[in-house]
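The structure appears below as structure tokens.
The values are calculated or read from the model by the stated rules, or taken from the named source; none is laboratory data. The structure displayed is predicted, hence computed values, not measured ones. Because the Cβ atoms are built from the backbone with ideal geometry, glycine has one as well, and the counts that use them run over all protein chains shown. When the accessible area is computed, the model is the full protein with side chains, heavy atoms only, and any ligands, DNA or RNA have been set aside. Shrake-Rupley method; radii C 1.70, N 1.55, O 1.52, S 1.80 Å.
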Amino acid sequence: MSQPNAKKVAVLGATGLVGTEMLKTLEHYNFPVSELVALASPRSAGKKLKFKGEEIEVKAVAEEHFKGVDIALFSAGGSTSKTWAPIAAAQGALVIDNSSAWRMDPDVPLIVPEVNAADISYATKKNIIANPNCSTIIANTVLFPLHLAAGLKYINVSTYQSVAGTGIKAITSLRDGSAAYLNGQEYKDEVYPHNIAFNLLPHIGAFDEDGISEEEWKMVNESRKIMHIPNLQVSGITVRVPIFRCHGESITAQFDKPLTPEEAKEILSHAPSVKLADDPQNNVYPLPSDVIGTYEVNVGRIRRDTGLDNALAMWVVGDNTLKGAAQNAVQIALLTL
């Protein structure tokens with residue numbers, strides 16, 4: 001028996017790291033899918049993917065495959081999205097795009113469902129919704145409940161981003177580069193400008209003339225748009241670290257009103273999609289190894305900031321392929337039901 005409100009769903013980039021997680025997340029949320037269309041580049045056509053116990057054959061992306069599609073989940077890069085999102089939208093599909101292509105378009109809502117679900121109301125302008133940057137989603141999920149309580153005015157975010165944020169090739173690069181390093185062998189990283197194994201790269205995206213990276217600007221501009229705080233002051237640095245999956249973030253948040261660590265912990269213990277892991281005296285704090293494959297953003301080490309008034313510092317970890325990408329996209333799709 002088909003599920004009520006069942007939708008024909010297309011996933012573009014279905015064979016990629018986030019695309020495969022989109023399929024799993026649709027299953028996790030028991031999203032009502034009447035038909036699944038798995039799309040990718042021509043080189044992936046013919047591959048078989050599992051969805052709800054059935055084999056789905058991957059098709060090369062083409063206009064005809066968007067016919068009758070209700071929701072199209074995109075995770076295939078910005079240039080691909082710029083080409084295919086308007087085509088899918090013109091066919092009547094609501095496109096939920098995981099790239100940066102549409103995020104700052106004033107006619108495209110940028111949504112974290114726990115923060116600004118109501119913004120879906122203006123998706124009809126282009127029939128496209130943008131999924132925010134992974135680090136921005138993770139930070140905003142935790143910060144927004146605190147903003148509602150005390151008025152957020154400034155954040156400083158240092159990110160510790162896994163190689164999964166770059167894709168499957170980066171995971172291979174970390175694995176092979178680590179093996180080579182441990183065996184005393186030379187290794188040339190083909191993904192990053194320097195070897196990522198046993199290293200830290202303060203370089204995610206291109207740098208502008210002021211030395212600010214593309215990823216750092218995403219945190220600034222997207223946070224303002226998502227939380228509807230146009231004057232929010234944002235600073236920080238984004239760093240690629242040699243772990244396979246999950247992003248960590250060291251966040252300092254300053255508020256208009258006083259907010260104690262105890263009050264923040266109480267708020268976050270009830271916040272949607274947030275898990276409090278905060279007992280440092282007993283070695284309890286968020287760890288990427290504990291968060292992999294989970295659907296909540298973990299927060300701990302919540303403490304008063306030692307340098308700013310009305311400010312708290314905290315440590316946040318989220319699975320960048322789930323809440324930072326696939327899960328958030330499927331949660332947006334759930335808003336349409």
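What to note about this one:
- Against the test of being surrounded by 13 or more Cβ atoms within 10 Å (Cβ to Cβ) and touching a Lys or Arg at 6+ places or on another chain (Cβ under 7 Å), the options 89, 93, 40 yield a single qualifying residue, 89.
- The residues of segment 115-130 that are touching a strand residue (DSSP E or B) at 6+ places or on another chain (Cβ under 8 Å) and open to solvent by 30 Å² or more (accessible area, probe 1.4 Å), listed by number, are 120, 127.
- Close pairs (6 angstrom Cβ cut-off, 6 or more residues apart or separate chains): more than 15 Å from residue 203 (Cα to Cα) and part of a loop (DSSP other than H, G, I, E, B) in segment 148-174, of a type outside the set (Gly, Ala, Ser) and open to solvent by less than 50 Å² (accessible area, probe 1.4 Å) anywhere: 151/255; 167/17
Okay, residues lined up against (1) open to solvent by 10 Å² or more (accessible area, probe 1.4 Å); (2) farther than 18 Å from residue 261 by Cβ:
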position	(1), (2)
142	no, no
145	yes, no
148	yes, no
160	yes, yes
167	yes, yes
175	yes, yes
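- Here residue 153 fulfils each of the conditions (1) open to solvent by 10 Å² or more (accessible area, probe 1.4 Å); (2) more than 16 Å from residue 220 (Cα to Cα); (3) over 14 Å from the mean Cα position of the chain (by Cα) apart from (2).
- Failed condition for residue 230, given (1) of a type outside the set (Asp, Glu); (2) assigned to a loop (DSSP other than H, G, I, E, B); (3) over 21 Å from residue 102 (Cα atoms): (3)
- When every residue of segment 310-332 is checked against the conditions, at least one turns out to be closer than 30 Å to residue 168 by Cβ, among the hydroxyl-bearing types (Ser, Thr, Tyr) and modelled with pLDDT of 95 or more.
- Looking at segment 1-114, the strands (runs of 3 or more DSSP E) lying wholly inside it that each contain 1 or more residues that are among the hydroxyl-bearing types (Ser, Thr, Tyr) sit at 33-40.
- Summed over segment 185-223, residues that are open to solvent by less than 70 Å² (accessible area, probe 1.4 Å) and under 18 Å from residue 99 (Cα atoms) total 12.
- Residue check for residue 289: within 30 Å of residue 177 (Cβ to Cβ) and touching a Cys at 6+ places or on another chain (Cβ under 9 Å): yes
- The one condition from (1) in contact with a strand residue (DSSP E or B) (Cβ under 6 Å, 6 or more places away or on another chain); (2) open to solvent by less than 10 Å² (accessible area, probe 1.4 Å); (3) hydrophobic (A, V, I, L, M, F, W, C) that residue 45 does not meet is (2).
- Qualifying residue in segment 15-31 (condition: among the basic types (Lys, Arg), open to solvent by 10 Å² or more (accessible area, probe 1.4 Å) and more than 20 Å from residue 328 (Cβ to Cβ)): no
- Scanning segment 82-106 for residues that are free of Cβ contacts under 8 Å to residues at least 60 places away in the same chain and polar (S, T, N, Q) returns 83, 91, 99.
- Exactly one residue out of 111, 138 is among the β-branched types (Val, Ile, Thr) and over 20 Å from residue 299 (Cα atoms): that is 111.
- Pairs are defined by a Cβ separation below 7 Å, a sequence spacing of at least 6 or placement on different chains, a first member in segment 107-136 that is without any contact (Cβ under 8 Å) to a residue 24 or more places away in the chain, and a second member that is among the hydrophobic types (A, V, I, L, M, F, W, C) and part of a helix (DSSP H, G or I); the pairs so defined are 109/120; 109/123.
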